[in-house]
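Here, each number is a calculation from the coordinates, and none is a lab measurement. None of the values given here were measured: they were computed from a predicted structure. Virtual Cβ from ideal backbone geometry, glycine too; neighbours counted across all protein chains shown.
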Amino acid sequence: MDTIQSITEKTKALFSGANTAEFNEQAKGAMEKSAKMAEDFVAFGKGNVEALVESSKIAAKNVEALGQEAADYAKTSFESATEAAKTLAAAKSPTEFMKLQGDYARTAFDTMIAEGSRSTERMLKMFGEFAQPISNRVAVATDKMKISA
């Protein structure tokens, strides 16, 4: 019986005027903190979406440039091959034909290697540019985790 009476008295004391005000103040503080956390979470999510959109724009721009460069290279290669075919057709001897063909093959190979190097450099640069907005968001997330810890 004493236990029930003790619990009843503690419950009455908890909901008495002074304790109710303190409880309300704590609840209000908790609600404000929760609202601020929710606001920060929404802002962080918005920043992440903006970073993804920026990365997509960068990727699209670079893919377009790569496509244009590939088309330009294909056009130049076709023109060079056409010119080489005309030159080879005008060869006066098998020796001259073999020399012209060797020269063209060397030039075409060197051009292909140079174009491959340019494309590789362009793609590496593109991946760096593409990843930068996302990398920035990771840095923000890391900072937020350090602050909250």
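Taking 8 Å as the Cα distance limit and 6 or more residues as the minimum spacing, I'd like the relative contact order of the chain as a percentage. Kindly include the intermediate steps, with their values, before the conclusion.
Values: 36 pairs, mean separation 57.1, N = 149.
Relative contact order here is 38 percent.
Hey, what's the Cα Rg ratio for segment 75-126 versus the globular rule of thumb, 2.2 N^0.38 Å? Before the final figure, lay out each step's value.
Numbers: Rg = 14.5 Å, N = 52, 2.2 N^0.38 = 9.9 Å.
Computed over Cα atoms of segment 75-126, the ratio equals 1.47.
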Q. Could you give me the ³J(HN,Hα) list for segment 51-68, computed from phi with Karplus coefficients 6.51, -1.76, 1.60 and θ = phi - 60°, whole Hz, x at Gly and Pro?
A. 5, 5, 5, 4, 4, 5, 4, 4, 4, 4, 4, 5, 5, 4, 5, 4, x, 5
Q: Go ahead and set up a Gaussian network model of the chain, Cα springs under 10 Å, then flag whichever of 92, 33, 75 fluctuates most.
A: 92
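Kindly provide the helix-only [θ] at 222 nm of the chain, computed as the sum of -39,500 (n - 2.57) over DSSP H runs of four or more divided by all residues, to the nearest 500 deg cm²/dmol? All intermediate terms of the calculation are to be shown ahead of the outcome.
Values: 3 runs with 141 residues, N = 149.
About -35500 deg cm²/dmol.
Report, as a whole number in µm² per second, the diffusion coefficient that Stokes-Einstein gives for the chain at 37 °C and 0.692 mPa s using the Kirkwood radius over alpha carbon pairs. Could the numbers behind the result be given before it?
Working: Rh = 22.9 Å.
Value of D from the Cα-based Kirkwood radius: 144 µm²/s.
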Q: Using the Cα centre as the reference, give the magnitude of the dipole from point charges on the C-beta atoms of the chain (Lys, Arg: +1; Asp, Glu: -1; all else neutral), rounded to the nearest 20 debye.
A: 100
